1. Among the candidates A:E349, A:E323, A:E391, A:E355, single out the residue that is touching a residue at least 12 places away in the same chain (Cβ under 8 Å) and assigned to a helix (DSSP H, G or I).
2. With respect to A:F361, is the statement that it is under 18 Å from A:Y154 (Cα atoms), free of Cβ contacts under 8 Å to residues at least 40 places away in the same chain and within 13 Å of chain B (Cβ to nearest Cβ) true?
3. Against the definition (under 15 Å from the mean Cα position of the chain (by Cα) and within 14 Å of chain B (Cβ to nearest Cβ)), how does A:L85 come out, yes or no?
4. Within segment A:133-148, can one find any residue that is touching a Leu at 6+ places or on another chain (Cβ under 6 Å), within 28 Å of A:V284 (Cα to Cα), basic (K, R) and surrounded by fewer than 23 Cβ atoms within 10 Å (Cβ to Cβ)?
5. Looking at A:L26, A:L50, A:L66, A:L42, which one is on the phi < 0 side of the Ramachandran plot, of a type in the set (A, V, I, L, M) and away from every other protein chain (no Cβ under 14 Å)?
6. Can you pull out the residues in segment B:121-164 that are away from chain A (no Cβ under 11 Å) and over 12 Å from the mean Cα position of the chain (by Cα)?
7. Identify all residues within segment A:166-184 that are among the hydroxyl-bearing types (S, T, Y) and either assigned to a helix (DSSP H, G or I) or exposed (fewer than 13 other Cβ atoms within 10 Å of the Cβ) (or both); write none if there are none.
8. Sort out which residues of segment A:215-234 are farther than 22 Å from A:M397 by Cβ and either among the small types (G, A, S) or within 13 Å of another protein chain (Cβ to nearest Cβ) (or both), and write them in order of number.
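A short reminder: the numbers here are calculations on the coordinates, not readings from a lab. Worth saying up front: this structure is predicted, and the values here are computed from it rather than measured. In this analysis, Cβ positions are derived from the backbone assuming ideal geometry, glycine residues included, and neighbour counts consider all displayed protein chains.
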Amino acid sequence: MAEIRNYTMNFGPQHPAAHGVLRLILELDGETVVRADPHIGLLHRATEKLAESKPFNHSIGYMDRLDYVSMMCNEHAYVRAIEQLLGIDVPKRAQYIRTMFDEITRILNHLLWVGTNGLDLGAMTVFLYAFREREQLMDCYEAVSGARMHATYYRPGGVYRDLPQTMPKRLETRWTKGKDLRRVNAWREGSLLDFLQAFCDDFERRVDDYETLLTDNRIWKQRTVGIGVVAPERALQLGFTGPMLRGSGVQWDLRKHQPYACYDEVDFDIVLGVNGDCYDRYLVRIEEMRQSKRIIQQCILWLRQHPGPVMPKNFKVVPPTREEMKHDMEAMIHHFKLFTEGYIVPEGETYAAVEAPKGEFGCYLISDASNKPFRVHLRAPGFVHLSSMNEMLSGHMLADVPAMIGTQDIVLGEIDR
Amino acid sequence: MNEIAPTTEQILRELFADQDVKISSNRVGQLTLEVPAEHWQFVAQKLRDDERLAFQQLIDLCGVDYLGYGNDEWETEQASSEGFSRGVDALGPGRFDWAHRPESAEVENRFAVVVHLLSLKHNRRLRLRCFPPLQPMPILATLVEIWNSANWYEREAFDLFGIVFEGHPDLRRILTDYGFVGHPFRKDYPLIGNVTVRYDETQRRVIYDTVEIEPRVTVPRVVRRDSRYVQTDHNLADGQDTEA
C-alpha cells in the first residue's frame, strides 16, 4: 500500500470561487486542510502611492475601484478624512443623501455576497434573484452619478449633485416592449425617491424569497452550520470588524458607536450572531439588508421634506456653478485655481473610518499643507479578514475552502489596493 | 475620536511616565502617542492589558516615509522665464524614473510606523507612532504577539517600506511580485516602477523588461500655509502637531 503523506495544492489565482485573483497554497492531509497560505497582491495597483502624485479630488475615483462592490462607502471614508482636515461642514441634506447611498451600497454588497456565496456552495437560483434587485439599485447609482458602479459621487463638502427629479426610464428593445416595457418602467414614473420608495416597499418580500431558498435549506445548512467558527475573543484578536465580528456576537457597529453622517438620527438595530459560524454570518448579513432598507425609508422621508443645498458655498474647496462663472470674476478665479491646482489641505493627519458593508473601512491621511496627500493609507476590512484564513481553515475539509472565502466576503480589489 | 481627550491623556501620562512618550492631540481631536523604539512592545502590551485603556483591537498599521515632507515643486518666490515647466520639471513624487531617482538621503526620523488602536470597551481610538532607528536598516519589534492582526500589516510595511519587524513569525513580501526588488512605497522609488512584465515572442515565455513608460505628473505639488488654518493651529491649547 502506498504511503500517505501531506499534499500541497495550489488553489487559484484563477478560480471561480476565489472571488477575484486570490491564490491559496493549501497543505492537505487527505482531504483535511492543515495549513493555508494566501498569496495576495495579484491585483496590487499601488492606489495609495498613485494618490500621492495627484490632487486630492483626483483620487476619489480610485476609491470606487478598491472594494468594487461597495463603492460609495470607500469614497465616504476618503472624503471624510479630507473634510476633517479641512474642517468644513457638510450640509444636512448631503449627509442624508450619503447615509442613504451608504445603505444602498450595503444592500448592493450583501446581495452580491448572498448570490455568489450561494453559487459557491451549490445554490444557483439565489444568484439570479439577487442580481435582479442589484440591477434596480445600480440604476439609482446611474441616476445620480451617471455611472453604474464607479460613481465618484461623494465630494469633500457634500455630494456632486442633488437627487434627480426624474428617474431615467428603460427604452424599448426587441425583447422588452409594450406590456413588458410598461411593467419594467412602472416604478420609474416619478423621481429617484419615488423609485426607491417603491423598491423598499417591495424589498422585504424579496429578502423573504432569498430566505426561503437558503435559510432552512438542508444542503445550505450542511455547508455552513458549524463551519468556520470564530470565538469572540479570537475575532477581536484577529482584528475582525463588521459582520465578521458581529457574527461572533460582539456588539460593535461604527454607525451606532461612532456615528457619522446622519446615522445618529435614524433608527436601526445592530444584528448579532450567536455561534460565530458561516451560517450566523449569513443570517447577520440577511438581517442587515432589512435594517438597511429601514434606514433608506427614513432617509427618503427626510429628504422629501427638506430640500436644500448639497454642497457648501465654500469656493476654496467646492467649485462654483457654471452660471456663476459666467458673470462673476471671483467665481472664475476660484474655478481656475480648483481645476488646475486643486485645494490645499492644511497640515495634519487624521484617521476616518466608516462602517462599510464588509467591516471598518478606514482612511489614514497625512497632509503637509499641499494640494496632494503626503500619504494615504487605506484600511481595508478584507485584508485583515483574509489574514485569518489560515486559522479559520485549518482542520476543515477541502470542500470548505469556498465556504470560508465566501463567508469572509473578500474582494481582492481592496485587499491588494 | 469621540472622546474627552484629557482623561485618556491623563491615564497615558501616568502609565508611561518613565517611557519618554510624547502625547499630542491635533486639530481633529485625535490623540497620538509617540513611542521610542525601545519601548514599543512594552507600551503596546500596557495599552492592551490596562483595564482603563483596553485597546483590544489593532485596527491598522502602516509605514510612512517622511522623505520630502513639505517640499514644494512650484517655487514662485521670484518671476521666472521658464513658465509652467519650472513646476513640472521638478523631481517630486512620481516625476522620476529609476535612473534619476533622488539620492536616498539620510534623514533623521525618515520612516515611521503608525498604528491605530481601537478600544471597544471604552469606544476610544488611539494613534501610536514610532520612528525606528535607521541603522543598519529600519528595524522595530513586532506586535504580532500582542495583536495577531498586526501580522499581515507588518508584512505589508516590510514589503512596501523595507521596515523590518524583529520577531515576526513570517516576514515575507505580501503585495509585490515574487522576486520583487526594492520597496516601492518609499518616496525615492519611482511611481512608474522599474520593471515591466511582457510576453516575448522569440523566447516564447513571459519575461521581465525595463519599464518604458514616461513619468508624467500634470499637476505640480504646491505647498501653501493658509493663514486660516495657521490661526486655528495657534489657537489650539498645546498647538503642536507631531508630524515632521
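1. On the way: A:E349 fails: assigned to a helix (DSSP H, G or I); A:E323 fails: touching a residue at least 12 places away in the same chain (Cβ under 8 Å); A:E355 fails: assigned to a helix (DSSP H, G or I).
Checking each option against the conditions leaves just A:E391.
2. On the way: under 18 Å from A:Y154 (Cα atoms): yes; free of Cβ contacts under 8 Å to residues at least 40 places away in the same chain: no; within 13 Å of chain B (Cβ to nearest Cβ): yes.
No: the conditions fail for A:F361.
3. Working: under 15 Å from the mean Cα position of the chain (by Cα): no; within 14 Å of chain B (Cβ to nearest Cβ): yes.
In short, no.
4. yes
5. Numbers: A:L50 fails: away from every other protein chain (no Cβ under 14 Å); A:L66 fails: away from every other protein chain (no Cβ under 14 Å); A:L42 fails: away from every other protein chain (no Cβ under 14 Å).
Criteria check complete, one pass: A:L26.
6. Start the filter on segment B:121-164 by keeping residues that are away from chain A (no Cβ under 11 Å), which leaves B:128, B:130-143, B:158, B:162-164.
If the condition is that a residue be away from chain A (no Cβ under 11 Å) and over 12 Å from the mean Cα position of the chain (by Cα), then B:P133, B:L134, B:Q135, B:P136, B:M137, B:P138, B:I139, B:L140, B:A141, B:T142, B:L143, B:V164 are the ones that fit.
7. Step one: list which residues in segment A:166-184 are among the hydroxyl-bearing types (S, T, Y), which gives A:166, A:173, A:176.
Passing the criteria: only A:T173.
8. Looking only at segment A:215-234, we keep the residues that are farther than 22 Å from A:M397 by Cβ, and these are A:215-216, A:232-233.
Correct list: A:P232, A:E233.
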